[in-house]
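*Asks:* Please find one structure pasted underneath; my questions will follow.
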Amino acid sequence: MSPTQTAHAQYRFETEEIALVFCAYARDNETQRLQYKLRELRIRMRDVYSSIRCNGASLIQFAMKSNSQDIGSFIARSVTLEGLRTMDDYRWARENGYLDTEIGETLKFRFENDLN
């Protein structure tokens, strides 16, 4: 294995490990721990959001399923509208009856106030 392949494999492992941590924080509604981890890693949620899946769902969808309103709302405020569109979170929330939740209200507000 070349050094480039080794580096790529290590980065992929670290990304998968980080995704698992973020999914656990979303499941447990641990907003402060997520914010601390983002600062520690020096990354922004908007930069990694579309690459993280939790049991096949986006972080927001997973938070909705887990009834983790605080962290889901934080993520919905932190991610760009383009990121939310890419993951299809608003449509998914509408189709699955989650728009009346705190997270759903945050998504509605973001999309209804989109100036584009």
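The values are calculated or read from the model by the stated rules, or taken from the named source; none is laboratory data. All values derive from a computational prediction rather than experimental measurement. Cβ atoms come from the backbone with ideal geometry, glycine included; neighbour counts cover every protein chain shown.
*Asks:* Only one of Arg91, Arg39, Arg110, Arg53 is of a type in the set (D, E, K, R) and under 14 Å from the mean Cα position of the chain (by Cα); which? Lay out the reasoning, then the answer.
*Replies:* Details: Arg91 fails: under 14 Å from the mean Cα position of the chain (by Cα); Arg39 fails: under 14 Å from the mean Cα position of the chain (by Cα); Arg110 fails: under 14 Å from the mean Cα position of the chain (by Cα).
Answer to the check: Arg53.
*Asks:* Residue by residue through the stretch 46-62, note down the ones that are touching a residue at least 12 places away in the same chain (Cβ under 8 Å) and at positive phi.
*Replies:* Selection gives Asn55 alone.
*Asks:* Follow-up question, since we're still on this one. Looking at Ala93, Ala57, can you tell me which residue is touching a helix residue (DSSP H, G or I) at 6+ places or on another chain (Cβ under 7 Å) and closer than 16 Å to Ile18 by Cα?
*Replies:* Values: Ala93 fails: closer than 16 Å to Ile18 by Cα.
Being touching a helix residue (DSSP H, G or I) at 6+ places or on another chain (Cβ under 7 Å) and closer than 16 Å to Ile18 by Cα holds for just one of Ala93, Ala57, which is Ala57.
*Asks:* I need the helices (runs of 4 or more DSSP H) fully contained in the stretch 1-113, keeping only those with at least 2 residues that are at pLDDT below 90, of a type in the set (Phe, Trp, Tyr) and surrounded by fewer than 14 Cβ atoms within 10 Å (Cβ to Cβ).
*Replies:* On the way: elements: 3-27, 31-41, 45-48, 59-65, 69-78, 81-87, 89-95, 102-112.
Answer list for the stretch 1-113: 3-27.
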